[in-house]
Amino acid sequence: MDNLYAYGPSDGPMTETTLHRPAGHKGRLRGELEQRYLTAHRTGRVKLTIGRASDFYGASGTSAPTMLALDPMLAGKRAQWLASLDMPHTLSYLPDVGWGLATLAERPQSLGQVWHIPAAEPLTRPQFITVAAEIMQQVPQMSVITRPMLLLAGLFNAQIREAGEVYYQFAQPFVMDATKFTRAFGSRITPHREAIEQTIAQRRMS
């Protein structure tokens, strides 16, 4: 399982052939691990396939969509997001990611390659938050965490400080193309509204 950090800022939708231009140490590490793993596959040490997904959400998700938007909304607070509210962003629903990984594991032709796991259409943050607010029967309220705010909070919190490296993902369009996977294996994509509804229901019970 992998993420999209190794690509760094991209001028368009990211595919499996997008050049690696990592923005910091997390992205460089991901790129180095990819090469190490694929080399191990080519030399016969392991059988390997790599599935990549974008920022995820779901019942056990701990990434930006849940921590900054859904969980505060469940607590009756304002939803937040990084950098900009207006940029389209691919969001991966965890059960869909699980299906994608299982599919890759079952298909010998997936071995030795990188695959983007299909996700529903990119959303802007207002679209995601508005759907969640409708499900919770709330008036949508949202605010933006700017880079200066992030830098200030990072002085006191290492996890927040690390988020600065991937700030670019929220300041520009961040869209993943999974055409390669879909053509080879098909897709099973949960519509965002259904996925958000299921996530909210499950996190309410946790």
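Quick note: the coordinates plus some simple rules give every number you see, no bench work behind them. Keep in mind that what you see is a predicted model, and the values were worked out from it rather than measured. When we count neighbours, we look across all protein chains shown, and the Cβ atoms used for this are built from the backbone with ideal geometry, even at glycine.
The phi-based Karplus calculation (6.51 cos²θ - 1.76 cosθ + 1.60; θ = phi - 60°) puts the 3J(HN,Hα) values of region 130-135 at 5, 4, 4, 5, 4, 5 Hz, whole numbers, x for Gly and Pro. Given contacts defined as C-alpha pairs under 8 Å and at least six residues apart, what's the relative contact order of region 5-205, whole-number percent? RCO, region 5-205: 29 percent. For the chain, a crude dipole built from +1 on the beta carbon of Lys and Arg and -1 on the beta carbon of Asp and Glu, taken about the Cα centre, is about 480 debye to the nearest 20. Charged neighbours of ILE50, selected by a Cβ distance under 11 Å, balance to -1 (K, R count +1; D, E count -1).
Applying 0.36 nm per residue to the separation of GLN137 and ALA59 and subtracting their alpha-carbon distance, the gain on full extension is 26.1 nm. Its relative contact order, with pairs defined as Cα atoms under 8 Å and 6+ residues apart, puts region 20-97 at 26 percent. Among ALA132, ALA64, ALA184, the largest mean-square fluctuation in a Gaussian network model of the chain, built with springs joining Cα atoms closer than 10 Å, belongs to ALA184. Positive end of the dipole of the chain (Cβ unit charges, origin at the Cα centre): among ALA79, VAL131, ALA102, the Cα lying farthest that way belongs to ALA102.
Of PHE170, PHE185, PHE56, the residue with the greatest mean-square motion in the GNM of the chain, using alpha carbon springs below 10 Å, is PHE185. Projected label points at GLU121 and ARG36, each 7 Å from Cα along the beta carbon direction, are separated by 4.0 nanometres.
Under 5 Å between amide hydrogens, built in the peptide plane, is the criterion, and for PHE56 it picks out SER92 among residues at least 5 positions away or on other chains. Between ARG21 and MET149, the FRET efficiency estimated from the beta carbon spacing at R0 = 35 angstrom works out to 0.85. Within the shell defined by Cβ-Cβ distances under 11 Å, the residues around PHE185 carry a net charge of +3, with Lys and Arg each +1 and Asp and Glu each -1.
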